[in-house]
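Everything on this sheet refers to the single structure shown next.
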Amino acid sequence: ETDEGSSSSRSSINSILVIEEDKAKSSDALAKGLSTMLTNVIKDFDSKAEDTLKSQHQLSLSIDRLTRELDQLLDDAPLPFMVQHAAKISGVRKRVSSLNSVLKSIQHRIDNIDRLLSLPITQQHENTATEVSKQH
């Protein structure tokens, strides 16, 4: 009887261990799947943000060139019409510069998130706690 009871207890313990092991494997698989999905989304967003930064840089260069050309035109023929348009272009230039600053800040945040996602989970918790304490 004791052998039978002991065998039944071992069997129950083994069943519980198998179930717990399966849960751990499922959790790991879910975590890896989510991590892969988030990594792909962040890389895609990162690529689009990089393209936007390049586009903004090209726009900024074009506006600078146009501003120089307008300045030259104003020196040659200071018409009120040209002065008005030069002021508009200068305003656009300021907005583009401001937008570039915002995009750079967003890019920096994305880089930090990407860096955190590539760390092992235990190190992520430590770094997240450090980042939160720095912000407060």
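The values are calculated or read from the model by the stated rules, or taken from the named source; none is laboratory data. Quick caveat: nothing in here was measured; it's all calculated off a predicted structure. Please note: Cβ atoms are built from the backbone with ideal geometry, for glycine as well, and neighbour counts cover all protein chains shown. With ligands, DNA and RNA removed, areas are computed over all heavy atoms of the protein, side chains included. Shrake-Rupley method; radii C 1.70, N 1.55, O 1.52, S 1.80 Å.
Normalised per residue, the accessible area of segment 79-119 is 72 Å², obtained with a 1.4 Å probe and no contribution from ligands, DNA or RNA. A 1.4 Å probe, protein heavy atoms only, puts the accessible area of H57 near 100 Å².
Could you give the distance between the Cα centres of segment 19-46 and segment 74-112, to the whole Å? If we compute the Cα centre of each part, the gap is 42 Å. Short-range pairs are left out: with C-alpha atoms under 8 Å and at least six residues apart, the relative contact order of segment 26-104 is 39 percent.
Ranking I16, I106 by solvent-accessible area of protein heavy atoms (1.4 Å probe, all protein chains present), from largest to smallest, gives I16, I106.
Partners of K94 within straight-line reach, counting lysines whose Cα lies under 22 Å from its Cα and excluding those fewer than 8 residues away in the same chain: K54, K104.
Using r as the Cβ-Cβ distance of A24 and H108, and R0 as 35 Å, what FRET efficiency do you calculate, to the nearest 0.05?
Efficiency, rounded to the nearest 0.05: 0.45.
Only protein heavy atoms count here; on that basis, with a 1.4 Å probe, D75 has an accessible area of about 120 Å².
Taking only the alpha carbons of segment 11-77, we obtain Rg and Dmax values of 28.6, 97 Å in that order.
Accessible area per residue was computed with a 1.4 Å probe on protein heavy atoms; E20 scores about 90 Å².
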